[in-house]
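**Q** Attaching a single structure in structure tokens format; questions to follow.
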Amino acid sequence: MAVGLSMLLTAMVLTACGSVDNLSGGNTSNNSSNKGGTQLTGQANSSDYQGVIKNGRYQTSKSRGVSVSQESNQFNIKGFESELLNISKKEFSTKKYIFQEGQYLSTNTVTNWLGRKSKRNPTGLNPKNNGSTSPTGRNPLYLSQINEQDFLVQDGKKLKTAGITIGLAMNSVDYYKKTKYGATFETDISKSQMKAEGKKIANKVLARLRKKSALKNVPIVIAMYRQASDDSLVGGSFYAYSVNASGATKVSNWTKVNQKSYVFPIQSGQSSPNSNDESSFENFKSEVQNFFPNLSGVTAQAQYTDGSLSGMNVNINTQFYSQTEIISFTQYLQTAAQKYLPANAPIDITVQSTEGIQSFLSRKANEKKFSSHVFNSY
């Protein structure tokens, strides 16, 4: 899934499976107290990577949280990170490779790369400031985020880098101010312009990575993401990626990614990705709201890949006060979701109020029944 609670759960799986010494899988309590050397998190299931723990601490990214500006649309950040991992899995199998947060691009490096090119910042990947403040005349900022993912293999008793993935998030709209505390203006960026600039940036990034000795002879995946506008209720989507073989310093081939996200209910004037899916959600929404009146809203974020539903996050805002109401509602949701929501796609349902998340339901692809959990207080 691109967005929502699934991202949080993925992070929990990656970091909380239990540390393992000697670079082997499994859960061994005897080893969990040993904080020296390198350990692995273990693997909850075959679809997730093991992570790396060094000297008793999880290896966080060296450029953690850096973007060209404070992102207003958090769905862009979550979708960018989670879907980048799915692209990585196409090239780096979870059975063979171990995941490590990016260690080759520092905060300072990424900050400079995301900046405009200038005499003071010659490595900037965004174009020079041409002095114009007109939405149509200025040089927009094309690149907004860079995300690095490293993939390791066991080499004797050590781990070595065997490949990396770099995600490049491109703006569809560049927001800027003419004065420090003034109004916000917008420069729209066409898809063709974004793709052309993205290809130039990708080639520069690949060439720079190859200058690092550890990355000269490993496959490097570069994935391109188009960010949604700040007012969008869903994040953006990946539109292409390239697998660059050992030693390659220029991107030669791109694989197209046909992916798009939508919000249900579909707003007036917008086209539906699939009328059957839209009807299924509307029936579910109507059924739930008729049965339980104390609901503030029922919406969904749906992702389509190659025209087919690849995942859905349903968000239900409630005004429940009683724990028994929450339990009954969650039980009812299991039945209604199984009956009405589209089959064969993973679906997460989050029930929340102003007090926080009250319950959570989930169903994996090709499964029939939803599992659920009600959050209690002690």
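**Q** With the structure loaded, tell me whether Phe291 is among the hydrophobic types (A, V, I, L, M, F, W, C), modelled with pLDDT under 95 and surrounded by fewer than 18 Cβ atoms within 10 Å (Cβ to Cβ) or whether it fails that test.
**A** Here the answer is yes, as Phe291 does meet what is asked.
**Q** Failed condition for Asp348, given (1) part of a helix (DSSP H, G or I); (2) within 29 Å of Ala240 (Cα to Cα); (3) charged (D, E, K, R), with all others met?
**A** (1)
**Q** Let me ask something else. Here is a list: Lys369, Lys364. Which entry is open to solvent by 90 Å² or more (accessible area, probe 1.4 Å), over 22 Å from Asn294 (Cβ atoms), modelled with pLDDT of 90 or more and touching a helix residue (DSSP H, G or I) at 6+ places or on another chain (Cβ under 7 Å)?
**A** That would be Lys369, the only listed residue that is open to solvent by 90 Å² or more (accessible area, probe 1.4 Å), over 22 Å from Asn294 (Cβ atoms), modelled with pLDDT of 90 or more and touching a helix residue (DSSP H, G or I) at 6+ places or on another chain (Cβ under 7 Å).
**Q** Here's something else I'd like to know. Got at least one residue in the range 298-321 being modelled with pLDDT under 90 and within 30 Å of Met170 (Cβ to Cβ)?
**A** No, every residue in the range 298-321 fails to be modelled with pLDDT under 90 and within 30 Å of Met170 (Cβ to Cβ).
**Q** Restricting to the range 157-187, give me the number of residues that are among the polar types (S, T, N, Q) and at pLDDT below 90.
**A** Looking only at that region, the number is 1.
**Q** Taking the residues in the range 205-256 that are charged (D, E, K, R) and in contact with a Lys or Arg (Cβ under 8 Å, 6 or more places away or on another chain) as candidates, determine which candidate is most open to solvent (accessible area, probe 1.4 Å).
**A** Among residues in the range 205-256 that are charged (D, E, K, R) and in contact with a Lys or Arg (Cβ under 8 Å, 6 or more places away or on another chain), the one most open to solvent (accessible area, probe 1.4 Å) is Lys216.
**Q** Among the strands (runs of 3 or more DSSP E) confined wholly to the range 131-178, which include 2 or more residues that are open to solvent by less than 40 Å² (accessible area, probe 1.4 Å), under 30 Å from Ile53 (Cβ atoms) and in contact (Cβ under 8 Å) with a residue 40 or more places away in the chain?
**A** It comes to 143-155, 158-170.
**Q** What number goes with the only condition from (1) β-branched (Val, Ile, Thr); (2) open to solvent by less than 40 Å² (accessible area, probe 1.4 Å); (3) in a helix (DSSP H, G or I) that Thr111 does not pass?
**A** Thr111 satisfies all of (1) β-branched (Val, Ile, Thr); (2) open to solvent by less than 40 Å² (accessible area, probe 1.4 Å); (3) in a helix (DSSP H, G or I) except (2).
**Q** Using the structure shown, decide if Lys195 is touching a Lys or Arg at 6+ places or on another chain (Cβ under 6 Å), open to solvent by 60 Å² or more (accessible area, probe 1.4 Å) and not small (Gly, Ala, Ser).
**A** Considered against the rule, which asks whether it is touching a Lys or Arg at 6+ places or on another chain (Cβ under 6 Å), open to solvent by 60 Å² or more (accessible area, probe 1.4 Å) and not small (Gly, Ala, Ser), Lys195 comes out as no.
The values are calculated or read from the model by the stated rules, or taken from the named source; none is laboratory data. A quick note: this is a predicted structure, and the numbers were derived from the prediction, not measured. No Cβ is skipped: glycine too gets one built from the backbone with ideal geometry, and neighbour counts run over all protein chains shown. The accessibility values were calculated without ligands, DNA or RNA, using every heavy atom of the protein model including side chains. Shrake-Rupley method; radii C 1.70, N 1.55, O 1.52, S 1.80 Å.
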